[in-house]
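Some notes on the structure that comes next.
Just so you know, all these numbers are worked out from the coordinates, no wet-lab data involved. All values derive from a computational prediction rather than experimental measurement. Cβ coordinates were reconstructed from backbone atoms using ideal geometry, including for glycine residues, and neighbour counts include every protein chain displayed.
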Amino acid sequence: DQQVKQNSPSLSVQEGRISILNCDYTNSMFDYFLWYKKYPAEGPTFLISISSIKDKNEDGRFTVFLNKSAKHLSLHIVPSQPGDSAVYFCAASEVLTNSGYALNFGKGTSLLVTP
Amino acid sequence: EADIYQTPRYLVIGTGKKITLECSQTMGHDKMYWYQQDPGMELHLIHYSYGVNSTEKGDLSSESTVSRIRTEHFPLTLESARPSHTSQYLCASRGTGRTYNEQFFGPGTRLTVL
């Protein structure tokens, strides 16, 4: 059963406009959320994260918003650039029973930024 | 800057062959992970390790095995490859200190079993 859901498989945005990528989760025990960016034939690279005790984190053009009551987070990219075109994965961290932790990933949203 | 390496990057192999996918990191991270990802799907955790001589299975059942004899090395082995093993395999390690909540990924191995 998938605990992290990205319901939009793809998104197309014009250069300079805002890109909004959404993510929903079902497990209220998730305590940390991350966004990864992935180009074809490469591994995911970390983009930005947010702790469950916060509702916003900003890093340059990237802002992540967390709404715990709705179990929803979103990634805003402003302004969008053609180089932002990639697949974006939402991930949520949970503690494992043997005191470790694991990341649960969504299926990703493919963002295309057009000139 | 994360330094985690995977070889080979691409592998096409016949059914029944034994293969080992290599993963190495130079950051001294104790915690390492193997994920499997198919196109358009989420990353599934198949193995993880908390340090030398520690290995655990992830939430996705896998016929592969792993070993952790050295901190920097976390290879994954398939004793007898099958077409159902065709996928991308991603290795990651978990950061420490300021990057404690992040996982750093290698470039992946794209495996095709004919």
Dividing the mean separation of Cα pairs under 8 Å (6+ apart) by the residue count of region A:4-114 yields a relative contact order in percent of 36
Pseudo-spin-label distance A:Ser69 to B:Val52, built 7 Å along Cα→Cβ, given in nm, is 5.2
Please report the relative contact order for chain B, taking Cα pairs under 8 Å with a sequence separation of at least 6, and give it as a percent rounded to a whole number.
35
In sequence order, calculated HN-Hα J values of region B:7-20 (Karplus, 6.51, -1.76, 1.60; Hz; x Gly/Pro)
9, x, 7, 9, 9, 10, 9, x, 4, x, 6, 8, 9, 10
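Taking a quarter of the surface of the convex hull around the Cα atoms of region B:49-114, what do you get in nm²? Display every interim value, and only then the final one.
Details: hull surface 20.7 nm².
Dividing the Cα hull surface by four gives the mean projection, 5.2 nm².
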Three principal axis lengths of region B:4-113 [C-alpha, angstrom, descending]:
42, 31, 24
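For B:Thr86 and A:Tyr101, FRET efficiency with R0 = 41 Å and r from the beta-carbon atoms, rounded to 0.05?
On the way: r = 29 Å, r/R0 = 0.71.
Efficiency computed from Cβ-Cβ geometry: 0.90.
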May I ask you to give the average projected area over all directions of the convex hull of the Cα atoms of region A:37-115, in nm² rounded to one decimal?
6.5
For region A:1-50, what D do you get in µm² per second when you plug the Kirkwood radius from alpha-carbon pairs into Stokes-Einstein at 20 °C and 1.002 mPa s?
163
Can you tally the net charge around A:Gln3? Count Lys and Arg as +1, Asp and Glu as -1, for every other residue whose Cβ sits under 14 Å from the Cβ of A:Gln3.
-3
For A:Gln2 and A:Tyr39, what does the FRET efficiency come to when R0 = 30 Å and r is the distance between their Cβ atoms, rounded to the nearest 0.05?
0.80
From other protein chains only, count the Cβ atoms within 10 Å of every residue's Cβ in A:42-48, then give the mean.
6
With N set to the number of residues, divide the alpha-carbon radius of gyration of the protein assembly as shown by 2.2 N^0.38 Å and report two decimals.
1.01
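Report, as an integer, the average count of C-beta atoms from other chains found within 10 Å of each Cβ along B:29-40.
Working: counts 0, 0, 2, 0, 3, 0, 4, 0, 7, 1, 3, 6.
Per-residue shielding by partner chains comes out at 2.
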